[in-house]
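Asker: Here it is: the structure, laid out below.
The values are calculated or read from the model by the stated rules, or taken from the named source; none is laboratory data. Keep in mind that this is a model prediction, so the values were computed, not measured. For neighbour counting, all protein chains shown are included, and Cβ atoms are generated from backbone atoms with ideal geometry for every residue, glycine included. Side chains are part of the model used for accessible areas, which takes the heavy atoms of the whole protein and leaves out ligands, DNA and RNA. Shrake-Rupley method; radii C 1.70, N 1.55, O 1.52, S 1.80 Å.
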Amino acid sequence: MSTAYVIDPPIVPSLPVVGDTRRFAVNRIYCVGRNYADHAREMGHDPDREPPFFFMKPANSIVTDGKDMAYPNLSNDVHHEIEMVVAIGKGGANIAADKALEHVYGYGVGLDMTRRDLQGEAKKMGRPWDTGKAFDQSAPCAAITPAAQYGHPNKGKVALLVNGEVRQEGDLNQLIWNVPDTIAYLSTLFTLEPGDLIMSGTPAGVGPVKKGDVLEGMVEGLTPLKIKII
């Protein structure tokens, strides 16, 4: 017997998959804060390897398939943060680091867009970051490349261009917490589920965007991300 709802259920957010007509259904989006030493320093923090911390974005904040991103309301200081996205294909809790990559379906390129002024106000008042991080269209993402094709990278260039000029540049080998360690730690806090995404952190060079800007993000070997701010 099928389930009836009093309202239409929401559409499942999803991302295209390289080499497949099927899509990757998105469940939850976890973001790792300050996971590159240079970015930690530019935000005024000590980059020594302390336990990672996480925040979340709603799955329906995804922007994909070449769509534009609308500049959000109530902010005059929206920043770009380019990241490698880890797509979880097999769930689990208390995952051992040496088994963590078995849970990865694939990888992609994403942007953790941030209303920096609202995030700053929240920090000063000791409040959650949701208004600064979890707003509509705050998670533009490119297609997911299956790990079966791409492998599991521990190095590779990460960069963002704004209107053709390099704004951010780093390498995956600069991650303070690498992908296996991040998955292992996160899985002690939450039971990971298929469809979860992990935004792995951003290198230095974060900065503001304005309407009309074209952002081009890349992680070596992955489908690049290109969006326009409108």
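Asker: Determine if the range 135-147 includes at least one residue that is aromatic (Phe, Trp, Tyr), over 12 Å from residue 111 (Cα atoms) and at pLDDT 95 or above.
Answerer: yes
Asker: OK, next. Pick from 230, 183: which is touching a residue at least 40 places away in the same chain (Cβ under 8 Å), buried (at least 16 other Cβ atoms within 10 Å of the Cβ) and more than 19 Å from residue 17 (Cβ to Cβ)?
Answerer: Matching residue, one of 230, 183: 183.
Asker: If I filter the range 38-52 for residues that are crowded, with 19+ Cβ neighbours inside 10 Å and of a type in the set (A, V, I, L, M), do I get at least one hit?
Answerer: Yes, the conditions are met somewhere in the range 38-52.
Asker: I'd like the full set of residues that are farther than 23 Å from residue 58 by Cβ and either in contact with a helix residue (DSSP H, G or I) (Cβ under 9 Å, 6 or more places away or on another chain) or open to solvent by less than 40 Å² (accessible area, probe 1.4 Å) (or both), limited to the range 136-159.
Answerer: Our first condition is that a residue be farther than 23 Å from residue 58 by Cβ; within the range 136-159, this holds for 145-159.
Result: 145, 146, 147, 151, 152, 153, 154, 155, 156, 157, 158, 159.
Asker: While we're looking at this one, here's another question. Please give the number of the condition residue 201 fails out of (1) under 14 Å from the mean Cα position of the chain (by Cα); (2) free of Cβ contacts under 8 Å to residues at least 60 places away in the same chain.
Answerer: Exception for residue 201: condition (2).
Asker: Hey, another quick one. Among the residues that make up the range 19-32, is at least one of them surrounded by fewer than 18 Cβ atoms within 10 Å (Cβ to Cβ), of a type in the set (A, V, I, L, M, F, W, C) and in a strand (DSSP E or B)?
Answerer: yes
Asker: Any residue at all in the range 79-98 that's open to solvent by 80 Å² or more (accessible area, probe 1.4 Å) and either over 18 Å from residue 179 (Cβ atoms) or out of contact with any helix residue (DSSP H, G or I) (no Cβ under 8 Å at 6 or more places or on another chain) (or both)?
Answerer: Scanning the range 79-98 turns up no residue that is open to solvent by 80 Å² or more (accessible area, probe 1.4 Å) and either over 18 Å from residue 179 (Cβ atoms) or out of contact with any helix residue (DSSP H, G or I) (no Cβ under 8 Å at 6 or more places or on another chain) (or both).
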